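Before any comments, here is the structure.
We did not get these values from a lab; they are worked out from the coordinates using the rules stated. Since the model is a prediction, treat every value here as computed from it, not as a measurement. Because the Cβ atoms are built from the backbone with ideal geometry, glycine has one as well, and the counts that use them run over all protein chains shown.
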């Protein structure tokens, strides 16, 4: 990575992502909204174009998309140490909470905190809405790209899940070839720029493939619980696109069917995970704790996140070499517009559908959105305000 890009330190990146790990409620889509507000709007670590490009790239590869985006932002800011700091800070709070729950089997009485949880859901609506508005201003400045965004939103809404997301991105790229000019794309050079050495890419790619191929062979004739857990978590992290709730069916098949955890405890842990900040993949800490205690929890978290990070490190150098090609830049303009459409679809479902129950919630969301638009209220303070007001009023 070039010297001018390594502007931050491990501590700087870690503590910023730790705050987000403590306050980023609402799931993967909301996380992308928080990242947009903090790193694009407030701290200006990267441009809106680069951020949208990064989202698109992470949607195309397996792994937890929002965590991969955070990992790459840390990489952009402070090199490999920044990537490690970003992942650790963002994942640590929810992983520790799920570890504690998995070991002690504390059953949280979520009904006692329904107002607070509702306040957090409404806050997520405001954060994602502001991120959508900010991204739309820079990534859909003309009619063709606005049409691509609308079509992308429609595809994502009518085809739920990863196939709709990928379909919207492919559609955006295809339409860009016909609707957008290559000349305009050549002037748009503010995209993603993360330079890694070839050796890092080759080692990362080799480790990713080795884990995917060798772990099943090692676990085949083994009854060692930690090895079986590592194999199951690594495979789940390697084969799921988009992350978040998409990984749950595979996790269920890999763990409940293998009698690592009971079906009842799996559902209880999943329910508790909905109330946690940070990545939903931290649910793996609960499963690991149920299967093999503290050591199992640690191994489960590392194993499920590792393949997505390795794959991103392997792909980024290739991406950096090809992304400046004029035709690819043209296609990227369409993909970035489609990302706006994906965010718009996600704002409606699941963010608004889960967060807005009545006119009071809608009014509360508008107030929070106004505070965020003023530029005077940090995201962390907004989250605390939303949670507190929700606990009292909702």
*Taking 0.36 nm per residue of separation and subtracting the Cα-Cα distance, what length does fully extending residue 392 through residue 295 add?*
31.0 nm
_Between residue 319 and residue 177, what is the label-point separation in nm under the 7 Å Cα-to-beta-carbon projection?_
2.2
*How large is Rg/Rh for the range 274-357, to two decimals, with Cα atoms and a Kirkwood Rh?*
1.14
*Rank these for me by crowding, 254, 264, 53, going from fewest to most other beta carbons within 10 Å.*
264, 254, 53
*Using the Cα gyration tensor of the range 196-314, with a ≥ b ≥ c the square roots of its eigenvalues, what is the shape: rounded (a/c below 1.5), prolate (a/b larger than b/c) or oblate (neither)?*
oblate
*Calculated from DSSP H runs of 4 or more alone, at -39500 (n - 2.57) each and per residue, what is the 222 nm mean residue ellipticity of the chain, nearest 500?*
-25000 deg cm²/dmol
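Starting from 0.36 nm per residue, how many nanometres of slack lie between residue 259 and residue 147 once their C-alpha separation is accounted for? Mind dumping the intermediate values first?
On the way: separation 112, 0.36 × 112 = 40.32 nm, distance 4.90 nm.
The residue 259-residue 147 span can extend by a further 35.4 nm.
Could you order peptides 276-285, 355-364 by the average number of other Cβ atoms within 10 Å of their residues, highest first?
Values: 276-285: 27.5, 355-364: 15.3.
Going from most to least packed, we get 276-285, 355-364.
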*State, as an integer percentage, the relative contact order of the chain based on alpha-carbon contacts under 8 Å between residues 6 or more apart.*
33
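Given 37 °C and 0.692 mPa s, compute D for the range 246-394 with the Stokes-Einstein relation, Rh being the Kirkwood radius over Cα pairs; round to the nearest whole µm²/s. Walk me through the numbers before you get to the answer.
Details: Rh = 19.3 Å.
So the translational diffusion coefficient is about 170 µm²/s.
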